[in-house]
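Here is the structure we will look at.
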Amino acid sequence: MEKKKIAIIGGGIAGAALGYNLSLYDEADITLYEKNRIGCGTTAKSAGTVCLFDDSLKNRYWDVRLYGFETYLKMEKEKPGSAGFDKTGTLVCATDEEVEKTIKAGIALAKSAGYTGEYITDKARIKEILPSLNVDAILGAGYTQDDGYFDGTMISNTFAEKMEKNGACIKRGVEVVKINTEGGAAKSLETSEGETVDYDVIVDCTGPWSRFTGNLVGLDVPIWHTKAEAFFLVPPEKKLDYVFPVLKFPAFYALRAGDNVFICKSHLSMNLDDPMHAGQWDPDQLPQVGGTDDYFIDFLFDQMEENVPGLADSGLASSWLSYRAEPRDFLPILGETPVQNYFLCTGFGGNGVIEAPAATRDMAKLIMRGESTMLLEEWAFSRLLEEA
Ligand SMILES: Cc1cc2nc3c(=O)[nH]c(=O)nc-3n(C[C@H](O)[C@H](O)[C@H](O)COP(=O)(O)OP(=O)(O)OC[C@H]3O[C@@H](n4cnc5c(N)ncnc54)[C@H](O)[C@@H]3O)c2cc1C
């Protein structure tokens, strides 16, 4: 049987999930190149929330959300801990009627899939769930006990383990430094180890690095870097004596991280035209920790004072900065590009953990069977050319 030779560049959650999905096809001969360690890029700095209902991904893409959530639940069931699930539940706050409508529609979808979900207007009940919340500032809140957050690095490594078991090859610590084209088609790649290898298909899964890897084939990948600045608060009481749920507001979100609380400005509240929020930077220059701006912590402390006053007097334990890869419409870029045989699976922005399973399932179908799907059509590279 003739096999299709496929190279994946990047071993974050997108590359690892794609490698796994491709490895389910007997005719796929897969090599994944990761210049560092699996799941150590944006994925390692993620909050990993895959909420059943919030505003991060439109209800229109409910099946993407559900497929992501259930893929990780299955992973966790197969091997406890392999997706790093912390089932804290989620509380989504309605700041106005529009948000309330979205939450209620999300709850209906979650319930139809067999999960719990309720819209609570009884402020005393909401306070029981999250005592530090200012319930006067909200109309109500959607609540489910069924979800929580996952660990993107564990998930990536679990996918990597599974794809290797299925016969795929992972080159760790190997950078793709050059891509050779012939007649407008990607033909081979060159690595930091001095190897040149021919491929039928090369898939760019490098997230915020896609700007650079795209340039290797002369492609301008239309992504912006938004600053994902995460801060870890030490609550005033030092130890939380209740289960702190994933807390979602349109402008920010919070979740527990051990005895601390992780807070971050939401990706959909970022303005791509504001240089404080977005730009084009070099992800290789990101420090492991720190590197954050006062602008974001000031913003988040203001949000705490107004909405979660019980945390307003928290200490700051640590922080980190990462870059989300965001196309203008905050949706990923999947599939073919103007360079033949060079595919993109990037631009996951603030939703890569949610979106990777469904996006890469469909990408594998396209690469191995030439079949398109509604998702691939809606998230195609060509939509961004039309916009430009
Ligand atoms: C603070 C924060 C909070 C977030 N919260 C959530 C959340 O709650 N829910 C959610 O769904 N998403 C969340 N996200 C978004 C999510 O983490 C990302 O969308 C996702 O991790 C992107 O994965 P990726 O595989 O596309 O990119 P990455 O994880 O960045 O992987 C790209 C990989 O490519 C490698 N690479 C680059 N260039 C080369 C090369 N030339 N050769 C070989 N390898 C190369 C890099 O080393 C890297 O490992 C959050 C992100 C951040 C930063």
Take each of the peptides 265-273, 30-38, 159-167, 5-13, average the number of other beta-carbon atoms within 10 Å over its residues, and list them starting from the highest. 5-13, 30-38, 159-167, 265-273
If every Lys and Arg gets +1 and every Asp and Glu gets -1 at its Cβ, then about the Cα centre segment 213-287 yields a dipole, in debye to the nearest 20, of 360
Expressed in angstrom and rounded, the centroid-to-centroid distance over alpha carbons for segment 102-126 and segment 31-78 is 22
How much area per residue is accessible in the chain when the probe is 1.4 Å and only protein heavy atoms are counted (Å²)? 41
For the chain, take the alpha-carbon Rg, divide it by the Kirkwood Rh, and send me Rg/Rh. 0.98
Ser382-Tyr295 FRET efficiency (beta carbon distance; Förster radius 51 Å; 0.05 resolution): 0.90
Return the single residue from Ala17, Ala113, Ala185 with maximal mean-square fluctuation; model: Gaussian network over the chain, springs between Cα atoms under 10 Å. Ala113
Springs between alpha-carbon pairs under 10 angstrom, Gaussian network model over the chain: which of Arg361, Arg256, Arg60 fluctuates most? Arg60
Considering only protein heavy atoms, with the full assembly of protein chains and a 1.4 angstrom probe, order Phe212, Phe348, Phe85, Phe231 by accessible area, largest first. Phe212, Phe85, Phe348, Phe231
Given the options Leu233, Leu286, Leu91, which has the most mean-square fluctuation in a GNM of the chain, springs set between C-alpha atoms less than 10 angstrom apart? Leu286
Under the rule of -39500 (n - 2.57) per DSSP H run of 4 or more residues, summed and divided by the residues of the chain, what mean residue ellipticity at 222 nm is obtained, to the nearest 500 deg cm²/dmol? -9000 deg cm²/dmol
Take the cross-link list Lys3/Lys35; Lys77/Lys123; Lys3/Lys77; Lys35/Lys365 and give me the ones stretching past 28 Å between alpha-carbons. Lys77/Lys123; Lys3/Lys77
Relative to the longest principal Cα axis of the chain, at what angle does helix 294-307 sit, 0 to 90 degrees, rounded to 10? 40
So which lysines can Lys127 reach, going by Cα to Cα under 29 Å and dropping same-chain residues fewer than 8 places off? Lys58, Lys87, Lys101, Lys104, Lys111, Lys238, Lys239, Lys248, Lys265
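Please state the charge dipole magnitude for the chain, taken about the Cα centre, from unit charges on C-beta atoms (+1 on K and R, -1 on D and E), reported in debye and rounded to the nearest 20.
With only Lys, Arg, Asp and Glu charged at Cβ, the dipole is about 920 debye.
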Need one number: nm distance between label points at Arg125 and Arg328, each 7 Å from Cα along Cα→Cβ, rounded to one decimal. 4.4
Bins of 5 Å, beginning at zero and ending with the bin holding the largest distance: percent of Cα pairs per bin for segment 69-224, please. 2, 7, 12, 12, 11, 11, 10, 10, 8, 8, 5, 3, 1, 0
Can you find, among His225, Tyr61, Gly214, the residue farthest towards the positive end of the dipole of the chain? Put +1 on the C-beta of Lys and Arg, -1 on that of Asp and Glu. Tyr61
Please report, as a whole percent, how much of the solvent-accessible surface of segment 115-201 comes from carbon and sulfur atoms (probe radius 1.4 Å). 43
Magnitude of the Cβ-charge dipole (Lys and Arg +1, Asp and Glu -1) of segment 155-215 about the Cα centre, nearest 20 debye, reported as 220
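The values are calculated or read from the model by the stated rules, or taken from the named source; none is laboratory data. Keep in mind it's a predicted model, so treat the numbers as computed, not measured. Neighbour counts run over all protein chains shown; Cβ positions are idealised from the backbone, glycine included. Remember, those area values only see protein heavy atoms, side chains included, never the ligands or the DNA or RNA. Shrake-Rupley method; radii C 1.70, N 1.55, O 1.52, S 1.80 Å.
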